[in-house]
Structures are given as C-alpha cells and as structure tokens.
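*Asks:* Take a look at the following structure, please.
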Amino acid sequence: MIKNLLIATSLLAVSALASAQPEKYTYPRAEALPQDDTSNMLRDPALLTGYDLNLTAERFANAWLSKTNERERIKANMYLLGVVDASEGTVWCKGKPFLPNTLHEFLYPRFANLTAEQKEERASKIITDGMKELRPCKKESNK
C-alpha cells in the first residue's frame, strides 16, 4: 500500500514538473548613453570634458544648472568639489561641517545671475571667491 502511494505521488510530481513552463528572467537594462569622449568627432562641444582646464563660469553654469542633462550636472559637481577641496586651507578655512546643500544654496545665485563680465571669468575663481566669503580664514592676532 505504501509502495503504491509512493509511486502515485512520484508520478504526480513528475507530471507537474514536466508541464511547468520555465521562465527565463532577464535583468532590466538601461538605455545606452551617448558617446561622451573626445574621440567622437560628432560630440557636442558644449559638453564638459576632462580637458576643460580653463573652464569659464558660463560653461560651468550651463552644466551645473542643467535641468535636462544629468551627466553634465554630475561632471560640474565633481569640478566644484575638486575646486573646493583644493582651495581648503589656502583660500577658505574649515569650520563647522557644512550641511549637505549649504554649498549649493550659497553658490547657486552666483552662477544663476552671472554678468557678461563674470561669464568669461574662470569658474574656479567664482567658486573660491564664494568660499572665501562663506568661510573666511580668521587672521591670527599678534600677542
């Protein structure tokens, strides 16, 4: 009796497995990003590259304030962080830690309202001038 029950159960299990349709899972894929390096001759010259050593405030602002191109915003943020990091202790001095958006809130109006003269200045100068104002170094008093 147990032997017949075991055989019947096995046959039901095998038939259930044989009729099952296996599904192959495919991972979601992101859309391919456009080529963004200097080897592509069709590249948009307005986009930032690693060769932008004398980045103007206008080009930086266009990338940093872009509402449609996340990649350009990220590159501009990396540039901003590099300038801020490199100028710490020489142009501006450390104090209490910044809140996450303090730097952006402080510098945003400077880049959103550039004059024609400021557009041609280096972006790093406007950033360091802003940092000087935000966190000036205290002069040591003579004892």
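The values are calculated or read from the model by the stated rules, or taken from the named source; none is laboratory data. Note that this is a predicted model, so its numbers are computed, not measured. We place every Cβ from the backbone using ideal geometry, glycine too, and count neighbours over all the protein chains shown.
*Asks:* Might you check whether a residue that is modelled with pLDDT of 90 or more, part of a loop (DSSP other than H, G, I, E, B) and hydroxyl-bearing (Ser, Thr, Tyr) occurs anywhere in the range 108-119?
*Replies:* yes
*Asks:* In addition: Restricting attention to the range 72-88, which residues are touching a residue at least 24 places away in the same chain (Cβ under 8 Å), over 15 Å from HIS104 (Cβ atoms) and of a type in the set (Gly, Ala, Ser)?
*Replies:* Result: SER87, single match.
Residues are listed down the side, and each one gets a yes or a no for (1) surrounded by fewer than 18 Cβ atoms within 10 Å (Cβ to Cβ); (2) touching a helix residue (DSSP H, G or I) at 6+ places or on another chain (Cβ under 8 Å); (3) at pLDDT 95 or above:
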site	(1), (2), (3)
ALA63	no, yes, no
GLU72	no, yes, no
ASN77	yes, yes, no
LEU81	yes, no, no
SER87	yes, yes, no
GLY95	yes, no, no
ASN101	yes, no, no
LEU134	yes, yes, no
LYS139	yes, no, no
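*Asks:* Can you name the residue in the range 44-61 that is outside any helix (DSSP H, G or I) and surrounded by 14 or more Cβ atoms within 10 Å (Cβ to Cβ) and is also nearest to the chain's Cα centre (by Cα) among such residues?
*Replies:* LEU48
*Asks:* Could I ask something else about it? Is it the case, given these coordinates, that GLU121 is touching a strand residue (DSSP E or B) at 6+ places or on another chain (Cβ under 9 Å) and not β-branched (Val, Ile, Thr)?
*Replies:* Considered against the rule, which asks whether it is touching a strand residue (DSSP E or B) at 6+ places or on another chain (Cβ under 9 Å) and not β-branched (Val, Ile, Thr), GLU121 comes out as yes.
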